[in-house]
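*Asks:* I'd like to ask some things about the structure below.
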Amino acid sequence: MISRETHKTPQEVLAVLKAGFALTQEDLYQFNLSGLELQRANLHQATLIRANLSKADLSAADLSGADLRAADLCQAILRDANLQAACLYRVDLSGADLRGAILTDTKLLGAIYDSQTLFPEGFNYKSSGAIGPNAYLNGAQLNTANLRHADLQGASMLGAYLGGADLTHANLQGARLSQADLRKAWLPGVSLRNARLNGANLAGADLRAADLTGVDFEHLESIAGADFTHVQGLSDEMRSRLLSQPAQELDTPHALTRRTTRASLERLSN
C-alpha cells in the first residue's frame, strides 16, 4: 500500500496497481484516473469520492465496499467487476459497461445512466434508485438534484420531489410526473413531450423554451410564479387552461426573471 504520508499521483497509483499490490481502504478522494488501464485492480473499500474514472478500464476490478459517491464513471469499462456493497450514490454511469459485474447490495441511489449504459443480464436497474430512461422513481427525493441533460424519457416519477432540481435540457418525453413537486425547478429547454403532469406543482418553475407538445394535465396544483416564456408546443386550449388559474398565481413574478406567470403566457400569443 502507498504510504499515506507520501504525495500520491495517478501515475504512482497506476504503478502500484500494475505491480499487483492492493490499495485496500486507500484514500483516493477526487483522484483523476480517467482513461487508465486498471484491470483487476484491488480497490476494496477504497475511498474514491468524486474521483474521475471516466473511460477507465476496470474490468474484473475489486471495488467491493468502495465509496464512489459522485464519482465520474462515464464510459468506464466495469465488465465482471466486483461492486458488492459499493456506494455509487449520484455516480455518473452514462455509457458505462457493467456487463457481468457483481452488484449485490450495491447502493445506486441517484446514480445516472443513459440508453448506452450496459447492466448485467437480469439486473433490475429500473427499480434500483438509479436515474435514467424508464426508471421507477415514484416518490423519489430528488430535491436540488443536478439532472442537467439527464435522459429520463418514459420514467415513472409519480409524486417525486424535484423542488429546486436542475433539469435544464433534460429529456422527460413520456415521463409520468403526476402529483410531482416541481416547485422552483429549473426546466429551461426541457423536453416534456407527451409527459403527464396532472396535479403537479409548478410554482416558481423556470420553463423557458421548454417543449410542452402533447403534455397531459387536467389540473395543476399551482403555477404561481412559473415562467413559460418561449415554450414550444403549447396549444391554445392548454394556454387558456393555464390562464384560467387563480389571478393570485398568474400575477406572481418568477424569483429570477421577475416576469409574472400571466405575462409569460401572454407573450406566447405575441
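*Asks:* Which condition number does F119 fail, the rest of (1) open to solvent by 70 Å² or more (accessible area, probe 1.4 Å); (2) touching a helix residue (DSSP H, G or I) at 6+ places or on another chain (Cβ under 6 Å) being met?
*Replies:* Among (1) open to solvent by 70 Å² or more (accessible area, probe 1.4 Å); (2) touching a helix residue (DSSP H, G or I) at 6+ places or on another chain (Cβ under 6 Å), the lone unmet condition for F119 is (1).
*Asks:* Which helices (runs of 4 or more DSSP H) sit wholly inside region 199-270 and have at least 3 residues that are surrounded by fewer than 22 Cβ atoms within 10 Å (Cβ to Cβ) and charged (D, E, K, R)?
*Replies:* 236-243
*Asks:* Within region 83-98, which residues are over 7 Å from R69 (Cα atoms) and either open to solvent by 10 Å² or more (accessible area, probe 1.4 Å) or among the small types (G, A, S) (or both)?
*Replies:* Residues satisfying the conditions are Q84, A85, A86, D92, S94, G95, A96, D97.
*Asks:* Something else about it: Which condition number in (1) more than 27 Å from S235 (Cβ to Cβ); (2) of a type outside the set (S, T, Y); (3) assigned to a loop (DSSP other than H, G, I, E, B) is the one that Q173 fails?
*Replies:* Just one mismatch for Q173, condition (1).
*Asks:* Restricting region 4-63 to residues that are open to solvent by 80 Å² or more (accessible area, probe 1.4 Å) and basic (K, R), which is nearest to the chain's Cα centre (by Cα)?
*Replies:* Here the answer is R50.
*Asks:* Specify which of the listed residues (A247, A226) is modelled with pLDDT of 95 or more, farther than 20 Å from T168 by Cα and aliphatic (A, V, I, L, M).
*Replies:* A247
*Asks:* Let me ask another. Quick test for you: out of A130, A160, pick the one residue that is of a type outside the set (S, T, Y) and farther than 23 Å from L212 by Cα.
*Replies:* None of the others qualify; the one that does is A130.
Each row is one residue, and each column tells you yes or no for (1) within 12 Å of the chain's Cα centre (by Cα); (2) closer than 16 Å to L38 by Cβ; (3) not hydroxyl-bearing (S, T, Y).
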site: L73; (1), (2), (3): no, yes, yes
site: L98; (1), (2), (3): no, yes, yes
site: I102; (1), (2), (3): no, no, yes
site: I112; (1), (2), (3): yes, no, yes
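The values are calculated or read from the model by the stated rules, or taken from the named source; none is laboratory data. If you're wondering where the values come from, they're calculated on a predicted model, not measured in any experiment. Reconstructed Cβ throughout: ideal geometry from the backbone, glycine too, with neighbour counts over all protein chains shown. Note: areas computed on protein heavy atoms with side chains; ligands, DNA, RNA excluded. Shrake-Rupley method; radii C 1.70, N 1.55, O 1.52, S 1.80 Å.
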